[in-house]
Amino acid sequence: MDDERIVELYWIRSEQAINETKESYGSYCAMISGNILSRQDAEECVNDAYLKLWETIPPQRPRSLKAYLSKIVRNLSLDRLEKNRAKKRGGGQSEAVFDEICEFISANGEDLADKMALRDAMNGFLKGLEKQTRIIFLQRYYYFRSVKEIAAQFDMSQSNVKMTLKRTRDKLCEHLQKEGFEI
């Protein structure tokens, strides 16, 4: 079933909407959350995302259900990761990735205007990257994929992926400073 029809099912409050969402995007959501959390926590976050989707559609009518759902899953997963870290139960791959990029994100974005400005600056930066570099960056910092997985995807060495990420983070730092953000 296409996204438009699924969204329409949410609007008419049909429980079939959740089943269709699971069928269309269940494995995609599990991959996003699973790259951030343990399997059990990821399953809970994905289920929470379906509930959040039910609660937000309506009034929201997303243009892209996949993008809207992925943002919900990712945000819920990051919130869970933060709770786990606070309780000293977290760790692993996602925490290392979180620490790599945290210097840019945590230093900015205290209020809505700051968050919007940071989002726009990040989008501008990403648009200026070569396609492969942009995909590598997003695979690592949005989807929390491991360096090993990214290297296999692009038939690159892990050290080459790490260097690409390091150079891209450095360029991001310069870009954000030029945009007026304190790093």
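Annotations
- Subset tally (residues that are of a type in the set (Asp, Glu) and over 11 Å from Val73 (Cα atoms)) for region 24-49: 1
- For the condition out of contact with any Ser or Thr (no Cβ under 7 Å at 6 or more places or on another chain) and either modelled with pLDDT under 85 or part of a helix (DSSP H, G or I) (or both), Ser94 qualifies.
- Residue, farthest from Asp120 (Cα to Cα), within region 145-183, restricted to residues that are at pLDDT below 95 and among the small types (Gly, Ala, Ser): Ser146
- Between Arg140, Arg74, the distinction of being within 11 Å of the chain's Cα centre (by Cα), at pLDDT 70 or above and not assigned by TED's automatic domain parsing to the domain that holds Ala17 belongs to Arg140 only.
The values are calculated or read from the model by the stated rules, or taken from the named source; none is laboratory data. All of these numbers come straight from a predicted model, not from anything done at the bench. Positions of Cβ are backbone-derived with ideal geometry, glycine not excepted, and every protein chain shown enters the neighbour counts.
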